[in-house]
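Every number in this text was worked out from the coordinates using simple rules, so none of it is lab data. This one's a predicted model, so the numbers in the text were calculated from it and none came from an experiment. Note that each Cβ is placed from the backbone with ideal geometry, even for glycine, and that neighbours are counted across all protein chains shown.
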Amino acid sequence: MIIDSIEELDSLFEYMQNRRCLLVPILSDHNAPASQNKIACIYVYTEDDVERLVPFYHTEQLRGFAEQIPRFLQLDDIFIHDKKIWLQLGGNNQTYDVKTLWWHTYHEPYDETHYYTTAHNYYWRRHINLQHVNSIVPIMQHLAMCQKIRQYAWPMIQNAKLTESYLTFNSLYPKTFAQIESAGLQVNELFATPNLVYDGRVYSQYNYHTSTGRPSNARGGFNFAAMNKEDGTRAAFCSRHAKGALVEMDFDSYHVRLIAKLIGYNLPTTSVHDYLGRFYFDTDNLTAEQREQSKSITFRLLYGGIDAEFLTIPFFRQVNAFVNDIWQQWKTKKYIRTAIDKRVISQEQFPDMNRFKLFNYYLQSLETEFSVRKLAQILNRLQDKQTRLTLYTYDSVLFDVDMSEAKQLIPELREVLQQGNFPVKCKVGDIYSKLTEFSL
C-alpha cells in the first residue's frame, strides 16, 4: 500500500509502536553519497506482514511528506537496511543494521545487487547523467525491489541472535564511518573524476563487511584506500578552510606494535626495526642498508612464517607460540573469535586456511577493531570543531585542520592515536601530495 494522506501516515506510526519493523530507505540518487542525497521513499514492513511505501520525493506521489522525514529518522529499536546510510541522512543510532546482522549471521558480505529490478537497471543506464533518477523510477518497481529485500532479510531478523558482538559492532562501526564519509575531502581542479565532485568535495565509501573486517574504501571506481603517491592523484586534495592545512598522522610499525600488544611483549617507543635489527645483525649500530633489510626480514617473518633460526629472538618466539595457539583452536573448534569484537571467523568461510594466513586474518581484524575505537574517540573530540577527520587508511589518519584550532587540537589528536605505545609521525601541507614531516 502506498501512503497518500497524513491520516494514513499517522496511523502507520501508531501501528509501528511495539512491533518489530524493517525500514528500507530508497535514495533519490543511487550514485550520490548519502550525505548529499534525498530520500525518494521509505519502505516499512512490520512483523505481522503489513507493508507500506511512503513517498517523499517522487514524481508519482499524490502529495509529498518531506516534512515528515524527521519522524522516521527519530525512530529507534527498528531494523534499517543500511544503517550507515541512515545515519548520514540524520537517523537514530539506536537502530539495528540489517547488513551487519547478515554479515554476523552468515559470515559473508551482504550482496544487494540481485535486488534491483530490470526497470531500475534500465532507468540507471538510460538516464546515466540524471540526478535523482530514482524519483522517476516507477514507484511499484521500488516496492518490488523492497519486497525482495524483505524476503531475504525478514527471516534472518526474526531468527538471528542479537549477540553482544553484533550489538557492539552495530553501535560503533556504522556511526564512525558515517561521520568520516559525511566529512568529504576537498578537491581542486586536478581531480580526474569530476562526476564524483559535489560542491567541491568528493566522498569516500567504506565497506567494513569484508572477509577479514578490514574496510575497503572506493566510490565510482576511485579507490580512496590506495591512492598512488607518485602519479599526481594526491595533488587534487586540499583543505576546505581559508586558513587550513592537511595533517596526516601515520602509525609507526603499526602491525608489529599491535602484535606486541596482543602477545604482551614490551617494545620500545623508539624504532621497532632498529630494535629487531640488533637481533638480526648482532650490532647496536645499524647501517642504513641494515635498517631497510630489518624491515624486510620482519615483514617476511610475520606474514610468511617464522624460520626456526629466528625463534631464538624472544619477540618471535612469543609470536610463534600465539600463532600455534590460534591454529590449534581453529583445528579443534573449527573457528576462532577476533580479539576485541569477538566476531567469528570460521572454517565455513575459509576452508583452505593455513597457520600464517589465519594469523594474518586475525591481525587485520585486530587492526580494524583497535583503530575504529581510536577513530571514535577522535570524532567525539572533533564534535564542536571545524577540523575534520576526512580519511582513514589502515595505518594513517588524514585531518583537514582549521589552523585557528591547530595549536591546541593537533597535540590532543596525536595523544589519542599514540595511547598504548603506538607512536605516530605527523606531516602537514597545503595539498596531499606535498606533506612534510613535523614534530610537536
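Modelled spin labels at ALA308 and GLU60, positioned 7 Å past Cα toward Cβ, are 7.2 nm from each other. FRET efficiency for the ARG20 to GLN418 pair, using the beta carbon distance and R₀ = 41 Å, is estimated at 0.40. The convex hull defined by the C-alpha atoms of segment 289-415 has an orientation-averaged projected area of 11.0 nm². Were the residues from ARG373 through GLN151 laid out at 0.36 nm apart, the gain over their Cα-Cα distance would be 76.5 nm. Between ILE263 and ASN92, what FRET efficiency comes out of the Förster formula 1/(1 + (r/R0)^6) with R0 = 41 Å and r the beta carbon distance, rounded to 0.05? Plugging the Cβ-Cβ distance into 1/(1 + (r/R0)^6) gives 0.55.
Residues of segment 307-342 falling in the label zone of GLN293, defined by backbone nitrogen less than 16 Å from a point 7 Å along Cα to beta-carbon, are 310.
In this rough spin-label picture, where each label sits 7 Å from Cα along the Cβ direction, the ASN31-GLU67 distance is 3.4 nm.
Here the relative contact order of segment 163-440, from alpha carbon pairs under 8 Å that lie six or more residues apart, stands at 29 percent.
Maximal additional length on extending the ILE340-VAL50 stretch stands at 100.5 nm, based on 0.36 nm per residue less the C-alpha distance.
For segment 163-440, the Kirkwood estimate of hydrodynamic radius, built from reciprocal distances between every pair of different alpha carbons, is 20.5 Å. Distance from the C-alpha centroid of segment 43-64 to that of segment 209-239: 36 Å, rounded to the whole angstrom. A crude spin-label estimate for the pair ALA192 and GLU348, with each label 7 Å from Cα along the Cβ direction, gives 4.2 nm.
Find the Cα radius of gyration of segment 6-160, compare it with 2.2 N^0.38 Å by division, and give the number to two decimals. Rounded to two decimals, the normalised Rg is 1.00. Stretching ASN285 away from ASP4 to a fully extended chain increases their span by 93.4 nm, per 0.36 nm per residue minus the current alpha-carbon distance.
Here, P(r) means the percent of Cα pairs in each 5 Å bin from 0 to the largest distance; for segment 349-440 it is 3, 11, 21, 22, 16, 10, 7, 5, 4, 2, 0.
Between 0 and 90 degrees, rounded to the nearest ten: what's the tilt of helix 139-159 against the longest Cα principal axis of the chain? For helix 139-159, the angle is close to 60 degrees.
For LYS434, go through the lysines and keep the ones whose alpha-carbon is under 27 Å away, minus same-chain ones fewer than eight residues off. Correct list for LYS434: LYS229, LYS243, LYS295, LYS374, LYS385, LYS407, LYS425.
Free of any GluC sites (Glu not before Pro) that DSSP assigns to a loop and that have at most 11 other C-beta atoms within 10 Å, the longest stretch within the chain is 231-440.
Counting only aspartates and glutamates at least 8 places from LYS261 when in the same chain, those with an alpha carbon closer than 13 Å to its own are GLU367. Of the trypsin sites (Lys or Arg not before Pro) found in segment 228-301, those in coil by DSSP whose Cβ has at most 13 other Cβ atoms within 10 Å are LYS229, LYS243.
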